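Student: Structure incoming, see below.
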Amino acid sequence: MFSASDLRKGLKLQIDGSPYIITEFEFSKPGKGQALYRCRMRNMITGNQFSKTYRSGDKFEKANLEERKMQYLYHQDDEYHFMDTENYEQLFITAEQLGDNINFLMDNMELEVLFFDDRPIDVSLPIFVNLTVTQADPWAKGDTSGTDTKPVTVETGYQLQVPPFVDEGDKIQIDTRTGEYVTRVKE
Amino acid sequence: MLDLQGLHIRAALFRFIRDFFSQRDFLEVDTPIRQPVIIPECNIVPIMADGQYLQTSPELCMKRLLAAGCQKIFQICPCFRKDELGKNHLEEFIMLEWYRIDANYRHLMLDCEELLQYVVWRFADQFPEVCDQNDAVAEALRLLSAPADRMTVAEAFDRFAPVSVAEALQQEIFEEMLVEFVEPELGKKGPFFLVDYPHELASLAKVDLNRPEVAERFELYLSGVELANGFTELTDAGEQRRRFVTEIEVIRRTQGREQVMPERFLGDLGLLNGAAGIAFGIDRLLMLLLAKETIHNVVSFNPADF
């Protein structure tokens, strides 16, 4: 159990059966009055946010969260299969649960998976991933259309805008937080 | 850790405050930081040191000094309040308190205005380069020395909060409403006195004889930050004892702590007639003066420095 004085930014709690993280926190204590703990919370599964003010006597349940190192194996339709690199246990996470992360998953990639009550709820990808361009229009020299980017597709099927000099077969670095092109990578 | 310039400014602020009070014939006193008895206040949790309390305020000793014959006294000292940690809070912080006999809370408000103007004047005189190079500091100085405004708690709730002060008290959401709706509006243009607190929120203050529902208590705000809490002292020992009995009961119920009745304090209180006192947060004043985001940025060491 946590008490109100444990509350701070980044703390993870369980409320009504769901894990929440405190995204903003402020302690107030107006003129010899009650201490107030003002929190903005985000549901770690749905992303829903709410604000609430707590008082000194309030108690909170710890969220049963565990982070495990896992390796991405393959996907079959909407099921993405992973293996725990410590005990070799396998499990799958649905495409819906993974959200945009599926754009950056490569076979054998190692990542952190967050479990809530033994249910996988989030994966932490490396910030940068290198992916091969599988489809790109050639750069038409002398193109005066004024556009300074073009669309390409990478090996995971993800499409993004890149500078015109990127060719099919090039490896490019992508920022997984924004999904944007960073640079071309030399082999 | 505070940088060299910050340390110089902090030391200067203490000096300015001492000069201000010395020039006005206040006697500087120092009283024990560790005490076997403290004033029971249900919303303040003390920190213990080898079976005694670290003071949450020098109030008890300073009022006893008034009873012993002092006329005007001040003190700058560390105070300790457990689990108070935030943007504007540190568990250990520096308090300025001053007390005067034959005075009421109106005298204290005047003192506050004069003190702020004096500090700003001395600061601008001693650190012109800081004011010139930092627009935020220049603006802070302008605000601190602007003419003060005041409003009663009841008016402020009517004006800024969705409920009246009576409704807030009845629903036990006074603090929530104050923090959420009222405080952010206070002291935008200069020092602001929020005055005449509901009597139930002023355990040591004298009730206004003409309006028994309010106590002669005020809080000084600037830019939404509470700087000081002052009041006309309750000097009726019998009434004070009744209020302490309630506080001690609440402390027992909510914190499971036994706090003893400060008997000698009550004995001395009866010797006073007409006194006023105020507690002023010096770290917060420095935070506002230097336009810093948090109190943690204006103390020599904050918890993150260890």
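The values are calculated or read from the model by the stated rules, or taken from the named source; none is laboratory data. Since the model is a prediction, treat every value here as computed from it, not as a measurement. So basically every Cβ, Gly included, is an ideal-geometry build from the backbone, and we count neighbours across all protein chains shown. To get the accessible areas, we keep the full protein, side chains included, count just its heavy atoms, and leave off ligands, DNA and RNA. Shrake-Rupley method; radii C 1.70, N 1.55, O 1.52, S 1.80 Å.
Student: Sorted by packing (mean other beta-carbon atoms within 10 Å per residue), highest first, where do A:60-69, B:33-42 land?
Tutor: On the way: A:60-69: 14.1, B:33-42: 17.8.
Per-residue Cβ counts within 10 Å, averaged per peptide and sorted highest first, yield B:33-42, A:60-69.
Student: Taking the Cα-to-Cβ direction at A:LYS171 and at A:THR134 and moving 7 Å from each Cα, how far apart do the two end points lie in nm?
Tutor: In this crude spin-label approximation the distance works out to 1.8 nm.
Student: For the ranges B:3-10, B:85-92, B:96-103, what's the packing order if you count other beta-carbon atoms within 10 Å of each residue, average per peptide, and put the highest first? Let's see the in-between values first.
Tutor: On the way: B:3-10: 13.9, B:85-92: 18.2, B:96-103: 21.5.
Per-residue mean Cβ counts within 10 Å order the peptides as B:96-103, B:85-92, B:3-10.
Student: Per residue of A:122-134, what is the mean number of Cβ atoms on other protein chains within 10 angstrom of that residue's Cβ? Before the final figure, lay out the partial values.
Tutor: Numbers: counts 0, 0, 0, 0, 0, 0, 0, 0, 0, 0, 0, 0, 0.
Mean partner-chain Cβ count within 10 Å for A:122-134: 0.
Student: Which whole-number percent is the relative contact order of chain B (Cα, under 8 Å, 6+ apart)?
Tutor: Details: 538 pairs, mean separation 69.9, N = 306.
It comes to 23 percent, rounded to a whole number.
Student: With Cβ to Cβ distances under 11 Å as the rule, what net charge do the other residues near A:MET70 carry (K, R +1; D, E -1)? Display every interim value, and only then the final one.
Tutor: Numbers: positive: A:ARG68, A:LYS69; negative: A:GLU67, A:ASP84, A:GLU86, A:GLU89, A:GLU110, A:GLU112.
Combined, the nearby Lys, Arg, Asp and Glu give -4.
Student: With a sphere of radius 15 Å drawn around the Cβ of B:ALA11, what net charge do the other residues whose Cβ falls strictly inside it have (Lys, Arg +1; Asp, Glu -1)? Write down the numbers at each step before the final one.
Tutor: Working: positive: B:ARG10, B:ARG15, B:ARG18, B:ARG122; negative: B:ASP3, B:ASP19, B:ASP283.
Here the count lands on +1.
Student: Then there's this: Suppose a student asked you for the relative contact order of chain A, using Cα pairs under 8 Å spaced at least 6 residues apart; what percent would you report? Write down the numbers at each step before the final one.
Tutor: Working: 388 pairs, mean separation 25.8, N = 187.
14 percent.
Student: Using only C-alpha atoms and all pairs of different ones, pull out the Kirkwood radius for the protein assembly as shown in Å with one decimal. Intermediate values should be presented prior to the final figure.
Tutor: Details: mean 1/r = 0.0372 Å⁻¹.
Result for the protein assembly as shown, one decimal place: 26.8 Å.
Student: How much FRET efficiency would the formula 1/(1 + (r/R0)^6) give for B:GLN170 and B:ARG264, where r is the Cβ-Cβ distance and R0 is 45 Å, rounded to 0.05?
Tutor: On the way: r = 37 Å, r/R0 = 0.82.
Once the sixth-power term is evaluated, E becomes 0.75.
Student: Of all the C-alpha pairs in the stretch B:231-277, what % are more than 18 Å from each other? Walk me through the numbers on the way to the answer.
Tutor: On the way: 392 of 1081 pairs.
Value for the stretch B:231-277 (Cα pairs over 18 Å): 36 percent.
Student: Can you tell me the equivalent ellipsoid semi-axes for the stretch B:4-305? Use √(5λ) from the Cα gyration tensor, largest first, whole Å. Numbers along the way, then the final one.
Tutor: Working: eigenvalues 172, 107, 81 Å².
Semi-axis lengths for the stretch B:4-305 are 29, 23, 20 Å.
Student: Below 14 angstrom from the Cβ of B:LEU269, what's the summed charge of the other residues (Lys, Arg +1; Asp, Glu -1)?
Tutor: Working: positive: B:LYS63, B:ARG64, B:LYS206, B:ARG241, B:ARG242, B:ARG243, B:ARG264; negative: B:GLU59, B:GLU233, B:ASP236, B:GLU239, B:GLU263, B:ASP268.
Neighbourhood net charge equals +1.
Student: Could you provide, to the nearest whole Å², the per residue accessible area of the protein assembly as shown with probe 1.4 Å? Provide the component values of the computation, followed by the final result.
Tutor: On the way: 24420 Å² over 493 residues.
Each residue of the protein assembly as shown exposes 50 Å² on average to a 1.4 Å probe.
Student: Which angle between 0 and 90 degrees, to the nearest 10, do you get for helix B:135-144 versus the longest principal axis of chain B when only C-alpha atoms count?
Tutor: 40
Student: Going by average Cβ neighbours within 10 Å, how do the peptides B:214-223, B:121-130 rank, with the highest at the top? Write out the running numbers ahead of the final one.
Tutor: Values: B:214-223: 24.9, B:121-130: 14.9.
Per-residue mean Cβ counts within 10 Å order the peptides as B:214-223, B:121-130.
Student: Could you bin all the Cα-Cα distances of the stretch A:1-113 into 10 Å bins starting at 0 and give me the percent of pairs in each, rounded to whole numbers?
Tutor: Spelled out per bin, shortest first, that is 13, 33, 25, 18, 8, 2, 0.
Student: Could you tell me which residue out of B:CYS77, B:VAL29, B:VAL207 lies farthest along the dipole of the stretch B:4-305 toward its positive end? Charges go on the beta carbon: Lys and Arg +1, Asp and Glu -1, centred on the Cα centre.
Tutor: B:VAL29
Student: How much mean residue ellipticity at 222 nm does chain A get from its helices, if each DSSP H run of length 4 or more adds -39500 (n - 2.57) and you divide by all residues, to the nearest 500 deg cm²/dmol? All intermediate terms of the calculation are to be shown ahead of the outcome.
Tutor: Values: 1 runs with 4 residues, N = 187.
It lands at -500 deg cm²/dmol.
Student: Starting from the Kirkwood Rh over alpha-carbon pairs, what translational D in µm² s⁻¹ does the stretch A:88-187 have by Stokes-Einstein at 10 °C and 1.306 mPa s? Don't skip to the end; give the middle numbers.
Tutor: Numbers: Rh = 15.1 Å.
In µm²/s, the coefficient rounds to 105.
Student: On to the next question. Is there a simple number for the mean count of other chain Cβ atoms within 10 Å of the Cβ of residues in B:82-93, and what is it? Spell out each step's value before the answer.
Tutor: Values: counts 1, 8, 4, 3, 10, 4, 4, 4, 0, 0, 0, 0.
Per-residue shielding by partner chains comes out at 3.
Student: Straight-line reach only, C-alpha to C-alpha below 16 angstrom: list the lysines that A:LYS150 could link to, leaving out same-chain residues fewer than 8 apart.
Tutor: Filter leaves A:LYS141, A:LYS171.
Student: Just tell me which lysines come within less than 25 Å, Cα to Cα, of A:LYS59; anything on the same chain fewer than 8 places away is out.
Tutor: Counting by Cα, and skipping residues close in sequence, A:LYS59 has these lysines nearby: A:LYS9, A:LYS12, A:LYS29, A:LYS32, B:LYS82, B:LYS87.
Student: For B:LYS72, go through the aspartates and glutamates and keep the ones whose alpha-carbon is under 13 Å away, minus same-chain ones fewer than eight residues off.
Tutor: Hits, sequence-local ones excluded: B:ASP25, B:GLU28, B:GLU97, B:ASP102, B:ASP111.
Student: Would you work out the charge dipole size for chain A about its Cα centre, treating the Cβ of every Lys and Arg as +1 and the Cβ of every Asp and Glu as -1, and quote it to the nearest 20 debye?
Tutor: Values: 21 positive and 32 negative charges, 318 e Å.
So the magnitude is around 1520 debye.
Student: Still on this structure, please answer the following. In vacuo Debye scattering of the stretch A:65-124, one point per C-alpha: log10 I(q)/I(0) at q = 0.13, 0.26 Å⁻¹?
Tutor: -0.27, -1.18
Student: Let me confirm one metric for peptide A:19-31, namely the mean number of other chain beta-carbon atoms within 10 Å of its residues' beta-carbons. Kindly include the intermediate steps, with their values, before the conclusion.
Tutor: Values: counts 0, 0, 0, 0, 0, 0, 2, 4, 7, 11, 11, 15, 16.
For this peptide, the per-residue mean of nearby foreign Cβ atoms is 5.
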